[in-house]
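The structure that follows is given in the form of structure tokens.
Since every read-out is calculated from the coordinates, none of them should be taken as a lab result. Quick caveat, the model's predicted, so the values are computed rather than measured. Note that each Cβ is placed from the backbone with ideal geometry, even for glycine, and that neighbours are counted across all protein chains shown.
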Amino acid sequence: MSVRLLLQIYLYRNGFLSVSADEFARGIISARWSANPQIDSLPEIIVIWLPLEKYINAVALWLWDDVIVAPRITAFLASCLLLVAFFFVVRDLFDSERVAIVATVLLAFTPWFVWLSGTPMLEIYFLALFWAGLWFLVVWLRERRPHYWLWGGLLLLLTSITHIQSWILINVVNLLSSVVGIKLLRQRKYAEASRLLGFFILNNLFILFFISSEYFLTGKFLGILSAHTAYSIWFYKGYDVPIWDKFAYYPRIVEENMLVMSWVFGLFGLAVIFLEKRNLYWRFYLLMLAVVSLSVYSAFNTLSGPPSAAPGRYSLLYSMLWIPYVAFSLERLFVWGRWANRRTVQIGLMTLSLGLLMVMSWANIRQVIDFPQGMRTEPVAAGRYVEQVLDTWGMDETPQYLLEANAWEFLAVQLTARHYEAMILDRPFDLFNRDAPSMLLQSREEVKEWLENERVILVVLRNEELKAYVETQGLLTPEDDFGGWTVYRFNP
């Protein structure tokens, strides 16, 4: 765990803050709720970003009042929970602690796992809850431990309140588990079958609430997804590609984000499992979950559009579902080495197994260091500067600041500047047209009157042409620059 923490600190010190702008947009939502906690209204719950992550990071801000650090601590803690839950699921499905240990080591250095452990994307939270719920379910299905079905259902219920993506995954788990339910009915174990049915209902409670509430409010089923579809289609310039390419989008992402060696030794592990013919249902459970869910996601993509923010993150789930088979093959090589009669074969196979684990881990670490750059640290610094200036004013007299909004980095400035009610944009915000002309391009007299009426004291700009223009008007004096984000003082 200390190695993982050091790796996250290394990434943070080298400028890794996020994989997209989404973390900052949701950060603003969490910070607002943290400053003014209240029971959300129905329209505030029925949105594309489900509320649980907001509450988690809002509470974290009560404990550590830093809008950058606090959410990343929760993401790291969620990743620790995810590792633990992953270990137990693999151990119990494969009946082997060795397989679970190898799989956990491989996951710990998987690039998208490391990156998402250091930034508050929804995936790390919903996957932590999902794998924890899956473990309780697996234990109950195999051993019928009292109340484990209930704990599993509750954890998957929480999962469903974290990310809409989880809804398909949860119900694929229900589908696969119904095989056990049918067996229970045939054996006339109605009490146990009813508990499994209770598990199915419990983990779908929020999904049913969401769908019915949205229909009550709008008259549509899952209408909120239409906004995502519209933006994705616009982002991908119409997304006019053959339907097969649409279907293959997610499988292609998975293929691109996994090592070739992982594919090779994962297939080898599957072949060994098939030849051994022991506990096939449980050992193939993760593979079935991967195939069915990926097929459903791919089918949905033919009707909508792919994600615009860090699409590679969607590969993490399928890396997790595949890694146990890679680990199984390495464990089997090691065991065969121990069983070998000849000393040279014994040493050779055991060395090969450990060597492959080290090579795969090192290959992943090399990719981890080449992290995706979502937001730079410079707009964060600009935002903190604005916060310091506004903090010098009393609560009742806090002036406003103007922020350029033609690049998504403005969200980093807005988040870290806090004082969310004191921010105004330099242009009407249009999701589909961020190149709308700035109101600062009006005449000098109009700009002066506008800024005075809005009680603006600071202006934060990034576009070089816009900065060059406003500087010729003599209304703004540059105070500091942060990687291209210049903070100006308004001189009425």
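Grab every C-alpha pair in region 127-216, bin the distances at 10 angstrom width from 0 up to the longest one, and report whole percents.
Reading the bins upward from 0: 18, 51, 25, 6, 0.
Same structure, new question: Average the reciprocal distances over every distinct pair of alpha-carbons in region 319-364, invert the result, and give the Kirkwood radius in Å.
11.0 Å
Work out from phi, with θ = phi - 60° and the Karplus expression 6.51 cos²θ - 1.76 cosθ + 1.60, the ³J(HN,Hα) of each residue of region 36-49, listed in order in whole Hz, and give x for Gly and Pro.
Running phi through 6.51 cos²θ - 1.76 cosθ + 1.60 with θ = phi - 60° gives 9, x, 7, 6, 5, 6, 4, x, 6, 8, 7, 9, 5, 9 Hz.
Another question about this same structure. Which residue, 317, 172, 209, has the largest displacement toward the positive end of the dipole of the chain when charges sit on each Cβ (Lys, Arg +1; Asp, Glu -1)?
172
Return 159, 392 ranked ascending by Cβ neighbour count within 10 Å, so the fewest neighbours appear first.
Ranking 159, 392 by Cβ neighbours within 10 Å, fewest first, gives 392, 159.
Shifting gears a bit: As a test, work out the antiparallel percent of DSSP beta bridges whose residues both lie in the chain, rounded to the nearest 5.
Percentage antiparallel, nearest 5: 60.
Pairing the Cα long axis of helix 464-473 with the longest principal axis of the chain, what angle in degrees results, from 0 to 90 and rounded to the nearest 10?
For 464-473 against the chain, the angle is about 20 degrees.
In which sequence would 147, 163, 228, 419 go, from the one with the fewest C-beta neighbours within 10 Å to the one with the most?
Lowest to highest Cβ neighbour count: 147, 228, 419, 163.
Compute the helix-to-body angle for 52-63: its Cα long axis versus the longest principal axis of the chain, expressed 0 to 90° and rounded to tens.
On a 0 to 90 degree scale, this one is about 70.
Provide the net charge surrounding residue 310, with neighbours chosen by a C-beta distance below 14 Å and charges set as Lys +1, Arg +1, Asp -1, Glu -1. Show your work: numbers first, answer last.
Working: positive: 26, 313; negative: 22, 23, 123, 256.
Residues near residue 310 contribute -2 overall.
Rounded to the nearest 10 degrees, what's the angle between the helix 224-235 long axis and the longest principal axis of the chain, both from Cα atoms, 0 to 90?
That helix lies at roughly 70 degrees to the long axis.
Still on this structure, please answer the following. Can you tell me the Rg and Dmax of the chain, counting just the alpha carbons, in angstroms?
Answer for the chain, Rg first and Dmax second: 25.8, 91 Å.
Check which residues have an amide H placed less than 5 Å from residue 425's amide H, if you skip close sequence neighbours.
Amide H neighbours of residue 425, under 5 Å, 5+ apart: 403.
Further question: Can you give the convex hull volume of the alpha carbon atoms of region 377-490 per residue, in Å³?
Normalising the Cα hull of region 377-490 by residue number yields 92 Å³.
As a test of understanding, state the convex hull volume per residue of region 235-276 from its alpha carbons, in Å³.
Numbers: hull volume 3.5 nm³, N = 42.
Taking only Cα atoms, region 235-276 has a hull volume of 83 Å³ per residue.
Continuing with this model, one more query. When the dipole is taken about the Cα centre of the chain, and only Lys, Arg (+1) and Asp, Glu (-1) are charged at their Cβ, what size is it in debye, to the nearest 20?
3380 debye
Could you compute the net charge surrounding residue 140? Neighbours are other residues with a C-beta less than 15 Å from the C-beta of residue 140; K and R count +1, D and E count -1.
Taking every other residue near residue 140 into account, the sum is +3.
Nearest 500 deg cm²/dmol is fine: what mean residue ellipticity at 222 nm does the chain get from its DSSP H runs of n ≥ 4 alone, each adding -39,500 (n - 2.57), divided by its residue count? Walk me through the numbers before you get to the answer.
Values: 24 runs with 329 residues, N = 492.
Estimated from H runs of four or more residues: -21500 deg cm²/dmol.
Find how many whole Å separate the alpha carbon centroid of region 405-452 from the alpha carbon centroid of region 320-355.
Using only Cα atoms, the two centres lie 60 Å from each other.
Of the options 71, 122, 182, report the single residue whose Cα projects farthest towards the positive end of the charge dipole of the chain (beta-carbon charges: Lys, Arg +1; Asp, Glu -1).
Positive-most Cα among the choices belongs to 182.
Taking the beta-carbon count within 10 Å as an exposure proxy, list 375, 439 from fewest neighbours to most.
Lowest count first: 439, 375.
Let me spell out the model: positive unit charges on the Cβ of Lys and Arg, negative unit charges on the Cβ of Asp and Glu, origin at the Cα centre of region 1-157. What dipole size does that give, in debye rounded to 20? Mind showing how you got there, number by number?
Values: 11 positive and 12 negative charges, 63 e Å.
Dipole of region 1-157, to the nearest 20 debye: 300 debye.
What does the charge add up to near residue 38, with Lys and Arg as +1, Asp and Glu as -1, over the other residues with Cβ less than 11 Å from its Cβ?
After counting each charged neighbour, the total is -1.
While we're on this one: So for region 159-268, Kirkwood radius off the Cα pairs, Stokes-Einstein at 37 °C and 0.692 mPa s: how many µm² s⁻¹?
Result for D is 185 µm²/s.
Does region 1-149 come out rounded, prolate or oblate by the C-alpha gyration tensor, with a ≥ b ≥ c the root eigenvalues, rounded set by a/c under 1.5 and, if not, prolate when a/b is larger than b/c and oblate if not?
Numbers: a/c = 2.61, a/b = 1.35, b/c = 1.93.
Verdict is oblate for region 1-149.
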